[in-house]
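The values are calculated or read from the model by the stated rules, or taken from the named source; none is laboratory data. Bear in mind that the values here come from a model prediction, so they are computed numbers and not experimental data. Neighbour counts are summed over all protein chains in view; Cβ atoms, including those assigned to glycine, are modelled from backbone coordinates with ideal geometry. Quick note on the areas: whole protein, heavy atoms, side chains included, nothing else; ligands and nucleic acids left out. Shrake-Rupley method; radii C 1.70, N 1.55, O 1.52, S 1.80 Å.
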Amino acid sequence: MTTIKTKILRGRILSFRSEPKSPEDRHAFTYEEDGAVLIADGKILASGSFDEVVKKAPSETPVTDHRPHLICAGFIDTHLHFPQAQVIASWADQLLDWLNDYTFPAEIRFADKAHGKRIANGFYDALIANGTTSAVAYCSSHPNSVDAYFEEAEQRGMLMLGGKTMMDRNAPDALCDTAQSGYDDSKSLISKWHGRGRAHYVITPRFAITSTPEQLEAAGTLLREHPDCHLQTHLSENHNEIAFTRELYPEEDHYLGVYDKYGLLGPKSLFGHCIHLSAHEREIMSETGSVAVFCPTSNLFLGSGLFDKAEVENAGIRTAVATDVGGGTSYSMLRTLDEGYKILQLQRQRLHPLTAFFWATLGNAQALSLSDRIGTLDAGTDADIVVLNAKATPAMALRMETVETLSEELFVLQTLGDDRSVVETYVAGQASKTSA
Ligand code: GUN
Ligand code: ZN
């Protein structure tokens with residue numbers, strides 16, 4: 001071990017072991033008032049009380065003192081769109097009009113690699129500013145955009161997942177591939193990027209409306225040929241989307257049946273939205289271990305509907321939470337949790353702040369089957385870390401005067417916090433926010 005790259009971060013540390021079963025479930029997380037994380041070569045070597053961690057560190061290891069701030073695993077965003085960085089905050093009607101009027105025109109510009117490179121830079125700055133250290137993104141249908149996306153991630157040392165959007169109908173010609181070219185391009189991008197450094201490739205048929213049966217068949221073939229890749233698509237977000245899908249695939253009993261028919265379900269499959277699922281669809285999601293991804297700010301912005309977390313989880317479905325930029329309105333997982341809380345309030349479900357913070361870290365890591373690498377401060381995992389200040393604004397500081405517990409503090413962070421609450425973001429042990 002070289003001492004050069006070894007460092008200690010000191011502060012209040014919070015890391016989850018499992019999903020809190022109740023607000024009192026102390027076994028679900030570790031919290032140290034005077035805690036520390038020992039980092040070497042991009043990995044966490046130890047975490048715990050400062051005194052214990054110091055004993056494990058080589059002498060002279062530099063200490064970055066983040067007290068009184070909170071040190072947590074970096075946030076993980078399980079669904080967003082890299083080419084929509086200039087679509088976010090577009091005044092539009094609901095999903096299908098929003099796609100046609102704003103999203104597709106913006107994505108066409110990613111045919112130009114230079115454009116992709118420039119947007120990638122701003123996109124990653126936004127993630128880092130918001131404490132997000134890993135994310136799962138749709139790139140555009142142009143292989144160029146995937147290169148721009150992963151090249152920037154590689155430069156920053158980030159564990160990122162993503163893939164070329166496959167779409168061969170119901171979109172402008174300039175965005176459409178074909179079943180064959182979508183397959184070929186995805187395949188060569190997998191061989192170029194999957195497993196290179198921290199990159200993970202995600203097979204990405206946009207949704208049933210923009211893929212022919214031949215293309216979904218090709219996506220299923222890719223998944224069978226590359227079982228360690230993830231797959232992502234959209235499911236049951238909007239009523240008009242569901243109706244159009246039923247028209248395009250009349251032989252299927254329900255929307256999920258389309259994806260099921262082509263072998264797209266499974267524990268590495270991420271389905272964005274899942275708002276209007278039938279009981280039968282929920283059953284199939286659960287049996288296959290597929291993941292439902294809740295995108296609160298997007299669901300409100302596009303008027304898509306209210307994700308029923310209790311119904312989905314009671315059916316045994318794995319869940320994740322995400323921004324869905326640019327249908328979503330913020331890169332911040334704190335803003336996302338805030339809107340998620342409100343969506344659940346409307347359904348008489350209360351998202352406890354411990355559950356919320358679990359979800360945005362270890363919960364999302366588990367949903368991606370990556371909890372051995374990211375999502376906690378456990379020894380042996382990657383040193384992707386966020387440092388949070390619950391007094392970042394005058395209003396937060398005033399509110400914090402009356403806060404007595406960790407849960408209350410987390411709730412202030414998720415309700416009032418945003419990028420101003422992110423003091424620092426460490427990517428593989430490197431301070432990346434203040435150096436940006
Ligand atoms: N369904 C198909 N494409 C998209 C997209 O880009 N955003 C959202 N929110 N839903 C979609
Ligand atoms: Zn999406």
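Below is a table of values for the structure above.
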quantity: Subset of the range 150-167 (residues that are closer than 29 Å to ASP41 by Cα and within 15 Å of ligand 1 (Cβ to nearest atom)); calculated: GLY162, GLY163
quantity: Residue in the range 253-266 that is without any contact (Cβ under 8 Å) to a residue 40 or more places away in the chain, crowded, with 24+ Cβ neighbours inside 10 Å and out of contact with any Lys or Arg (no Cβ under 7 Å at 6 or more places or on another chain) present; calculated: yes
quantity: Positions within the range 144-185 being more than 18 Å from CYS229 (Cα to Cα), among the aliphatic types (A, V, I, L, M) and not in a loop (DSSP other than H, G, I, E, B), in sequence order; calculated: ALA148, ALA174, LEU175, ALA179
quantity: Residue match in the range 322-344 (condition: touching an Asp or Glu at 6+ places or on another chain (Cβ under 9 Å), under 17 Å from MET160 (Cα atoms), open to solvent by 10 Å² or more (accessible area, probe 1.4 Å) and within 16 Å of ligand 2 (Cβ to nearest atom)); calculated: yes
quantity: Residues that are under 14 Å from PHE207 (Cα atoms), of a type in the set (A, V, I, L, M) and surrounded by fewer than 24 Cβ atoms within 10 Å (Cβ to Cβ), drawn from the range 136-174; calculated: ALA171
quantity: Filter result (open to solvent by 10 Å² or more (accessible area, probe 1.4 Å) and either touching a strand residue (DSSP E or B) at 6+ places or on another chain (Cβ under 6 Å) or of a type outside the set (Ser, Thr, Tyr) (or both)) within the range 413-423; calculated: LEU416, ASP418, ASP419, ARG420, VAL423
quantity: Criterion violated by ALA89 - all others in (1) open to solvent by less than 70 Å² (accessible area, probe 1.4 Å); (2) assigned to a loop (DSSP other than H, G, I, E, B); (3) modelled with pLDDT of 95 or more satisfied; calculated: (1)
quantity: Of all residues in the range 267-291 being among the β-branched types (Val, Ile, Thr) and within 16 Å of ligand 2 (Cβ to nearest atom), the one that is least open to solvent (accessible area, probe 1.4 Å); calculated: VAL291
quantity: Residue within the range 178-196 that is within 13 Å of ligand 1 (Cβ to nearest atom) and open to solvent by less than 10 Å² (accessible area, probe 1.4 Å) present; calculated: no
quantity: Which listed residue, of GLY316, GLY305, GLY289, GLY340, is touching a residue at least 60 places away in the same chain (Cβ under 8 Å) and of a type in the set (Gly, Ala, Ser); calculated: GLY305
quantity: Scan of the range 296-315 for residues that are within 16 Å of ligand 2 (Cβ to nearest atom), surrounded by fewer than 24 Cβ atoms within 10 Å (Cβ to Cβ) and in a loop (DSSP other than H, G, I, E, B), ordered by number; calculated: GLY303, SER304, GLY305
